[in-house]
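Undergrad: Before I ask anything, here is the structure I am working with.
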Ligand code: AMP
């Protein structure tokens, strides 16, 4: 087999796995760094999340070490447990034909499970510094056979105060080894680390740090919690994508699954509580187009490898950039264009900026697609008080009552309390006008204002209420 990857010197058993993963062309950093790494040289590379760096050190490790050894021969240090899991999973995918076993080691999870896995034999350790040291000190982790060492997202590890831990770990492994460091930025302390612990490291600078997710157009839609399902069905009805929808919790996956099934969409859900067999069946059905929409949690969607997903929809916006990248990496595969749409509530909009900065990608704002005239929405849009309230949860309502009706502030408030059963503490500022007034009411009582207040007439006058426009 010849592919663009074998041309870089990657062996066939690895290239075949990359091919299975839908990777057709190497990314710029893969092109630049893999040939150097395969020669055994130390390197430090400036690379952000999303550039394909895991593929770089992954293939170098697999090719440079033998699988099935008693003691680990490679280690990847990462800053967070999310990244540990994601890197370990990608290594499992790349190692499909080489059989290397990767074990993630991180804090906050059962030590016993991790010890068990280490005892069964691990070729590659992917760990966070703290837990790795813990395991070393308890003599569950022996680093005497490490041949390849990777520091991933080194700048973040230093920011998190891991420098001493990292140096301790580096000092506990053989000096004869290959060391690779990846970092989004190159501050002085990273350069010093590279100088102290690497041998004539090659510096990899990819002229433009391209992100692989180039084939994926990224959008966000500003939508309140209560209107997410309205926005979702609009997208499904109008764009008709083959989509994977990510929710933050299993519960939300279940709710959405039930709701969409009731509305007769061909959907299935996967999450961590489902038996593996059932999950696999669902994924198979999705692959074979028997279902159009898959709803998933992050855990369940790990390692999901399907070429023709046209949309990734973040029903809930993830808080971690790694999770975001990983999710949207499910589309735009195998040279096909993909679309990622994230639903973002007003409190989450800062995440968009943050992710854009971290990855140097743009996430464009778009609107919910327009329904054709005359068609009815599958789910109706509701007033989303969350989105229109101020920081204290207050919403401004305009009521067609005022001085002309003989009302002042107090009388108006009293009428609202009586007629709409709004509690007095939920009423804020009132501006009484001649023919209409603006009343601030807490969003929890929004429906009462909109639905109940108009039901009662005031001195025989029909009362109308709407959201006040500033
Ligand atoms: P990373 O920067 O390693 O976190 O990779 C970001 C995403 O890009 C992951 O979802 C990878 O699976 C994907 N990826 C990496 N290299 C390639 C490639 N050559 N072709 C297509 N996708 C890739």
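Undergrad: Please report 23, 230 as a ranked list, fewest other C-beta atoms within 10 angstrom at the top and most at the bottom.
TA: 230, 23
Undergrad: In Å, what is the Rg of the alpha-carbon atoms in the chain, and how long is Dmax?
TA: Over the chain's Cα set, Rg and Dmax evaluate to 27.7, 92 Å.
Undergrad: Please list the equivalent ellipsoid semi-axes of the range 243-291, computed as the square roots of five times the alpha-carbon gyration tensor eigenvalues, in descending order and whole angstrom. Please report the intermediate quantities before stating the final value.
TA: Numbers: eigenvalues 52, 44, 15 Å².
Semi-axes (√(5λ), whole Å): 16, 15, 9.
Undergrad: Specify whether the C-alpha gyration tensor of the range 349-402 places it in the rounded, prolate or oblate class, a ≥ b ≥ c being the square roots of the eigenvalues: rounded for a/c under 1.5, otherwise prolate if a/b is larger than b/c and oblate if not.
TA: Since a/c reaches 1.5 but b/c is at least a/b, the shape of the range 349-402 is classed as oblate.
Undergrad: Which order do the peptides 238-250, 315-327 come out in when sorted by mean C-beta neighbours inside 10 angstrom, highest first?
TA: Going by the mean number of other Cβ atoms within 10 Å, highest first, we get 315-327, 238-250.
Undergrad: Can you sort 164, 431 by how many other beta carbons sit within 10 Å, fewest first?
TA: 164, 431
Undergrad: Which of rounded, prolate or oblate describes the range 1-87 when judged by the alpha-carbon gyration tensor and an a/c cut-off of 1.5?
TA: rounded
Undergrad: Another question, then. Measuring from label point to label point, each 7 Å out along Cα→Cβ, what is the residue 319 to residue 431 span in nm?
TA: Going from the residue 319 label point to the residue 431 one covers 3.6 nm.
Undergrad: Would you please give the FRET efficiency between residue 457 and residue 240, computed as 1/(1 + (r/R0)^6) with r the Cβ-Cβ distance and R0 = 45 Å, to the nearest 0.05?
TA: According to the calculation, E is roughly 0.45.
Undergrad: Order of 405, 289 from fewest to most other C-beta atoms within 10 Å? All intermediate terms of the calculation are to be shown ahead of the outcome.
TA: Working: 405 19, 289 10.
Exposure proxy ranking, most exposed first: 289, 405.
Undergrad: Still on this structure: Work out the FRET efficiency for residue 346 and residue 464 from their Cβ-Cβ distance, taking R0 = 25 Å, and round it to the nearest 0.05.
TA: Once rounded, the FRET efficiency stands at 0.40.
Undergrad: Can you give the extra length, in nm with one decimal, that the chain gains between residue 278 and residue 404 once fully stretched, where that is 0.36 nm per residue apart less the Cα-Cα distance? Show your work: numbers first, answer last.
TA: Details: separation 126, 0.36 × 126 = 45.36 nm, distance 6.66 nm.
Gain on stretching residue 278 to residue 404: 38.7 nm.
Undergrad: Right, another one. Using a Förster distance of 30 angstrom, determine the FRET efficiency expected from the C-beta separation of residue 160 and residue 137, and round it to 0.05. Before the final figure, lay out the partial values.
TA: Details: r = 20 Å, r/R0 = 0.66.
It comes out at approximately 0.90.
Undergrad: Quickly work out the residue 2-to-residue 310 label distance, labels modelled 7 Å from Cα along the C-beta direction, and quote it in nm with one decimal.
TA: Taking the two extended label points, one gets 3.6 nm.
Undergrad: Related question: State the dimensionless ratio Rg/Rh of the range 94-142 (Rg: radius of gyration of Cα atoms; Rh: Kirkwood radius).
TA: Ratio of gyration radius to Kirkwood radius for the range 94-142: 0.98.
Undergrad: Still on this structure, I have one more. Treating the angle as unsigned and between 0 and 90°, give the value, to the nearest 10°, between the Cα long axis of helix 228-239 and the longest Cα principal axis of the chain.
TA: Roughly 70 degrees between the two axes.
Undergrad: Once every DSSP H run of n ≥ 4 in the chain is given -39500 (n - 2.57) and the sum is divided by its residues, what mean residue ellipticity at 222 nm do you get, rounded to the nearest 500 deg cm²/dmol?
TA: -10000 deg cm²/dmol
Undergrad: Classify the range 367-470 from the C-alpha gyration tensor, please: rounded if a/c falls under 1.5, else prolate or oblate depending on whether a/b exceeds b/c.
TA: The shape class here is prolate.
Read-outs throughout are calculated quantities, based only on the coordinates presented, and are distinct from any laboratory measurement. What you are looking at is a predicted structure, and each value in this text was computed from that prediction instead of being measured. Here the Cβ is made from the backbone with ideal geometry for all residues, glycine too, and neighbour counts use every protein chain on show.
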